[in-house]
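Colleague: Submitted below is the structure of interest, expressed as structure tokens.
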Amino acid sequence: MPGITAAGPNPGATYLTPTVDSEIVVAGSPLSIDVPPATPDGIPTPAIFTRACLDLTGTRRLVVDAGLSDTPKVPHLHTGLGTAGDPRLKPACPKFQEAFAYGRYIASTLLRGYSNIYLAESVPGGTTTAMTVLRLCGLDFRSSSSMPDDPTELKESVYNDTVSRIARKTLSPGDAVKEAGDYMMCVALGIISESDGVILAGGTQMACVSYLASRILDRHGLPVITTSWVLQHRYQDIARVAGNVQGVDVRADLSRHPGIRKYSEGHVREGVGMGAAYFIAKSSGLSDLEIMEEVDTLYSSMVP
């Protein structure tokens, strides 16, 4: 839906954003396109922050295809789930159980032995999806947004059209995900079901996953780490859904790139685990200046 997300310079490019984000996180550069994904205003993807912070700290990363439309040109786990459906027209996640099983398998094999597992996402339009799922669970929830001005009318239209299709305003949490969620939620829940030490790295979408884990898996109080920008925008809503939430001050204002400094003005706010990645870097003893120098160096290597 044009205008509902800031991911990508245009709606056609939005589908590629998660693919290229994963390439940046793993390879350090976009491989499927020539330049990193950016908003229509030219603000680059938060994947640049994430990659820089993970490199500085030597943090391992694993990309899972939980609904990609295009295959990334980096090593990743391919599930074959395909993209979620448009909840206005049909059930979004008919393969809920299959996706959940993938998450369980990943956790019980590849993630065994890790004390901290940070789950992050790159899902364009995902704040609208999270809002719709939470409302179908019976919560009066307003989502945050990747834009300075939240496209509230567009988000409301998605929710209203979804309710019209299913002819109900409330569902069980599992059915809410099947009807209106995305496969990221399903895979994340599967991982959580088999893992201790999970930390949810994100804002509205991961707050939604936290809530779903409490209702579906009886896993309460999962920590959620996001940026302070998200909490400044919608603190009460997010804290009500995920009580154990922490905001991190990302010093984008220290960047020498105007597009990156725009983050400090309320653009984008979060994505690809940016807040948690910055938290990891700060917790390792790095200064804001050291982190932002790495961010700037990485971004400079990607653009002319």
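Colleague: On a straight-distance basis, which lysines could pair with LYS155 in a cross-link, Cα separation under 30 angstrom, same-chain partners fewer than 8 positions away excluded?
Modeller: LYS90, LYS95, LYS169, LYS178, LYS262
Colleague: In degrees, nearest 10, range 0 to 90: what is the angle between the Cα axis of helix 288-302 and the longest Cα principal axis of the chain?
Modeller: So the helix axis and the longest Cα principal axis differ by about 90 degrees.
Colleague: Projected onto the charge dipole of region 11-302 (+1 at Lys/Arg Cβ, -1 at Asp/Glu Cβ, origin at the Cα centre), which of MET292, PRO173, ALA84 gives the Cα projection farthest towards the positive end?
Modeller: Ranked along the dipole, the leading option is PRO173.
Colleague: Can you give me the long-range amide H partners of VAL64? Hydrogens built in the peptide plane at 1.01 Å from N, cutoff under 5 Å, separation of 5 or more residues or another chain.
Modeller: Amide H neighbours of VAL64, under 5 Å, 5+ apart: LEU77.
Colleague: Let me ask you something else. What distance in nm separates the simple spin-label points at HIS220 and VAL35, each placed 7 Å from Cα in the Cβ direction?
Modeller: So the two model labels end up 5.0 nm from each other.
Colleague: Once amide H atoms are built 1.01 Å from N in the peptide plane, which residues 5 or more positions from GLN246, or in another chain, come under 5 Å H to H?
Modeller: Amide H neighbours of GLN246, under 5 Å, 5+ apart: VAL224, ILE225, THR226.
Colleague: Can I ask one more? Search the structure for amide H atoms under 5 Å from the amide H of ILE117, placed 1.01 Å from N in the peptide plane, and list their residues when 5 or more places away or on another chain.
Modeller: The answer is VAL198, ILE199.
Colleague: Can I ask one more? Simple spin-label model, 7 Å along Cα-to-Cβ: LYS90 to TYR15 in nm?
Modeller: It works out to 1.5 nm between the two label points.
Colleague: In addition: List, in order, the whole-Hz ³J(HN,Hα) value for each residue of region 16-26 obtained from phi through the Karplus relation with A = 6.51, B = -1.76, C = 1.60 and θ = phi - 60°; use x for Gly and Pro.
Modeller: 7, 4, x, 4, 6, 4, 5, 5, 5, 5, 8
Colleague: Give me a comma-separated list of calculated 3J(HN,Hα) values for region 38-46, in order, Karplus coefficients 6.51, -1.76, 1.60 applied at θ = phi - 60°, integers in Hz, x for any Gly or Pro.
Modeller: Karplus values, whole Hz, x for Gly and Pro: 8, 6, x, 8, x, 8, x, 4, x.
Colleague: Taking θ as phi - 60°, what are the ³J(HN,Hα) couplings along region 194-200 by the Karplus curve (6.51, -1.76, 1.60), each to the nearest whole Hz, with x for Gly and Pro?
Modeller: Once θ is set to phi - 60°, the couplings for region 194-200 become 10, 10, 9, x, 6, 10, 8 Hz.
Colleague: What angle, in degrees between 0 and 90 and rounded to the nearest 10, separates the Cα long axis of helix 183-193 from the longest principal axis of the Cα atoms of the chain?
Modeller: 90
Colleague: On to the next question. Count the DSSP beta bridges whose two residues both fall in the chain, then state the antiparallel fraction as a percent rounded to the nearest 5.
Modeller: Of the beta bridges lying entirely in the chain, close to 10 percent run antiparallel.
Colleague: A further question on this structure: Highest first, please rank the peptides 199-208, 248-257, 44-53, 109-118 by the mean number of other Cβ atoms sitting within 10 Å of their residues.
Modeller: Peptide ranking by packing, descending: 199-208, 44-53, 248-257, 109-118.
Bear in mind that the values in this text are calculations on the coordinates, not laboratory data. Keep in mind that this is a model prediction, so the values were computed, not measured. Reconstructed Cβ throughout: ideal geometry from the backbone, glycine too, with neighbour counts over all protein chains shown.
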